[in-house]
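A short write-up of the structure that comes next.
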Amino acid sequence: MTEGPQRRVVIADDDADMRMLVEIAVRKAGMMLAAVATDGDQAWQAILDHTPDLIVLDVSMPGMSGLDVCRRVRNDPTLAHIPILLLSAGVSGASREAGKQSGADDFMPKPFSPKALIEKLIVLSSGRGSE
């Protein structure tokens with residue numbers, strides 16, 4: 001276990017089962033949930049309220065999409081440094097490209113292995129996102 005404050009994570013997904021899996025992964029990665037949102041608008045407000053150390057967004061959500069939230073974060077100089085992981089049921093190259101274009105640090109297709117998600121959270125929170 002690392003010393004120092006726990007990394008705070010905001011997660012957003014409109015699917016309750018998926019949120020629960022991500023919440024478990026966040027805790028198993030030794031991080032704490034700053035906020036959990038069920039749509040893009042709630043996610044944006046949670047990010048503004050909590051200024052997390054890491055953000056996990058579903059691409060397709062009611063209100064603002066995960067891509068929209070990602071773009072907003074990247075366009076805000078006080079938030080732009082926060083690593084963002086996008087989760088998507090869309091696994092096409094176009095989906096990945098849309099995620100990159102929105103400014104996401106990494107992309108993970110659904111369904112995913114909880115172990116793989118935990119590993120990805122740890123890597124992103126340490127500042128070593130994928131290229």
Exercise for review: With just the Cα atoms of the chain, tell me how far they stretch along each of the three principal axes, in Å, largest first.
Suggested key: 38, 32, 30
Point to revise | Length released on extending from Leu48 to Asp76, taking residue separation times 0.36 nm less the Cα-Cα span | key: 9.1 nm
Check your understanding: Hey, what did the range 39-78 get for relative contact order, percent, Cα under 8 Å, at least 6 apart?
Key -> 49
Revision key, fill the gap. Least to most buried among Lys120, Lys100, Lys115, by other C-beta atoms within 10 Å and fewest first, runs Lys115, Lys100, Lys120
**Study point:** Computed [θ] at 222 nm, deg cm²/dmol, the chain (DSSP H ≥ 4; -39,500 (n - 2.57); rounded to nearest 500)
**Key:** -12500 deg cm²/dmol
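FYI, it's all coordinate maths here, none of it is from the lab. Please read all numbers here as calculations on a predicted model, not as lab measurements. Cβ atoms come from the backbone with ideal geometry, glycine included; neighbour counts cover every protein chain shown.
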